[in-house]
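Please treat every number below as a calculation from the coordinates, not as lab data. Because the structure is a prediction, the values reported are computed rather than measured. A quick note on method: Cβ atoms are made from the backbone with ideal geometry, for glycine too, and the neighbour counts reach across all protein chains shown.
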Amino acid sequence: MMERSDIAELSEKIIGDMIAHPSPDMILRVTSGTSGSTPLVLVTEYDPDAPKAFIGEGFKQYLTLTGSLSSRLAHVFISSRMPSGAARVLALDHRDLRPELNDLLSDYRPDIIAGFCSYIARVLAHLSPAVSEMVKRVELRGEMLSAAFETTLRDQFPRAELFEKYMALEVGGYIGNRFCASLPRGSFHPVPGVSVEIVDPDEEGIGDIVVSKRVFRSVRLDRYRIGDIGCIIPGECACGESVTFELLGRRDMDHIRLGGALLTRNEFDRVIGKFPDLIDDYRVEARRGGQATEWGTVRLRIFRRAMAGTPELARELADRISRSLFVTRTKTFHDLAASGVLEPLEVVYVDTPFERAHKDIKLRAV
């Protein structure tokens with residue numbers, strides 16, 4: 001089994017090989033560091049078919065919304081390999097989200113948009129209905145696609161196809177895609193050359209996703225624990241693919257275990273969505289164990305634009321949210337707190353908006 005530290009060692013080996021035997025057909029990739037660890041630098045081989053696969057057939061105006069500098073540079077460099085006039089690429093940084101962006105996007109007239117769900121959500125306000133009508137494809141990557149946001153996208157882009165891609169820079173990009181019409185949201189088939197397994201599964205078959213593939217010349221990743229949680233969907237897909245896996249989120253970010261309790265981004269979004277007048281944004285901090293509890297403690301920080309909530313409102317919300325938030329199949333947060341395995345949910349209001357970058361991280365184990 002390979003861990004992140006093994007990727008760092010591979011990176012040094014690959015970079016040494018690249019310096020000793022240079023080639024123009026390489027891509028330098030840098031991870032974002034949003035998982036809380038040191039960013040990794042990795043060189044992978046350049047696929048000559050990348051420009052064609054990158055943009056897709058029939059698209060001319062590509063808008064990429066992944067945010068990180070390394071990702072934007074990779075997109076621009078790949079597009080530079082395309083035939084002259086084949087397509088144009090506009091790679092935005094999250095700091096470009098200003099009022100003047102409305103006019104820029106109206107002039108640019110994108111027909112394909114790709115990027116992180118939260119980043120695309122922030123750009124929607126800068127797209128006029130006429131521009132939205134021009135979009136024929138939306139490709140999502142880097143974050144979990146919620147049912148609510150999928151509905152929003154289908155309303156915003158009535159003529160567009162929606163696709164999910166599962167990617168990670170430290171493995172050379174592509175892992176799986178959801179181009180198959182038979183796949184439900186969040187499920188993927190591995191791309192050719194990639195092997196996906198689940199290790200250390202629980203009683204429901206949910207465990208760590210590990211990936212195997214060749215990344216550079218003779219260098220391979222052998223069962224690399226990528227940091228995401230998922231499960232294998234049994235049986236052959238209607239399209240004939242033999243392997244299908246479901247992505248459930250980032251370990252300790254979208255998917256946090258506290259003993260027998262499970263905190264998920266989807267469940268928090270569901271419950272927080274019941275209080276639109278009281279909660280505009282939130283962050284969850286989970287801490288495992290403690291002196292007064294068997295499993296852990298959870299703090300929910302809330303921002304409200306209209307006015308900060310009072311301590312009394314925070315206590316009322318803590319009770320209402322904990323009674324609605326399921327952390328096992330049959331038990332709510334309140335149930336487990338009442339039995340003493342979790343501390344009662346703590347809710348606090350904050351005075352300033354949460355900082356936002358190119359990924360929207362709402363849950364974190366601290």
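Listing for the model above:
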item	result
Cβ-derived FRET efficiency at R0 25 Å, Glu355 paired with Lys274, nearest 0.05	0.50
Sites matching GluC sites (Glu not before Pro) across the range 154-239 that sit in DSSP coil, with at most 12 neighbouring C-beta atoms within 10 Å	Glu203, Glu204, Glu236
Estimated FRET transfer efficiency when R0 is 30 angstrom, pair Glu57-Cys239 (beta carbons, to 0.05)	0.95
Other-chain or far-sequence residues with amide H under 5 Å of Asp360's (modelled H)	Ser118
Pairwise centroid distance, computed over Cα atoms, of the range 69-140 with the range 258-296, Å	33
Among the listed pairs Lys13/Lys60; Lys213/Lys331; Lys13/Lys136; Lys165/Lys331; Lys136/Lys359; Lys60/Lys274, those beyond 31 Å (Cα-Cα)	Lys13/Lys60; Lys213/Lys331; Lys13/Lys136; Lys165/Lys331; Lys60/Lys274
Unit charges at the beta carbon, dipole of the range 255-365: most positive-side option, Gly260, Val284, Ile321	Gly260
Cβ-derived FRET efficiency at R0 35 Å, Val219 paired with Thr151, nearest 0.05	0.25
Per DSSP, loop GluC sites (Glu not before Pro) in the range 86-143 with at most 14 further Cβ within 10 Å	Glu100
Residues Lys165, Lys13, sorted so that the one with the fewest Cβ neighbours within 10 Å comes first	Lys13, Lys165
Cys231, Cys239 arranged by Cβ crowding within 10 Å, fewest neighbours leading	Cys239, Cys231
Relative contact order (%) - criterion: Cα under 8 Å, at least six apart; region: the range 255-365	33
Residue exposure sequence - Met253, Met134, Met307 - by fewest surrounding Cβ within 10 Å	Met307, Met134, Met253
For Ser195, net neighbour charge (Lys/Arg +1, Asp/Glu -1) across residues whose Cβ lies under 11 Å away	+2
Cα gyration tensor category, rounded, prolate or oblate, for the range 311-366 with a/c compared to 1.5	oblate
Anisotropy class of the range 237-278 from Cα gyration tensor, a/c 1.5 cut	oblate
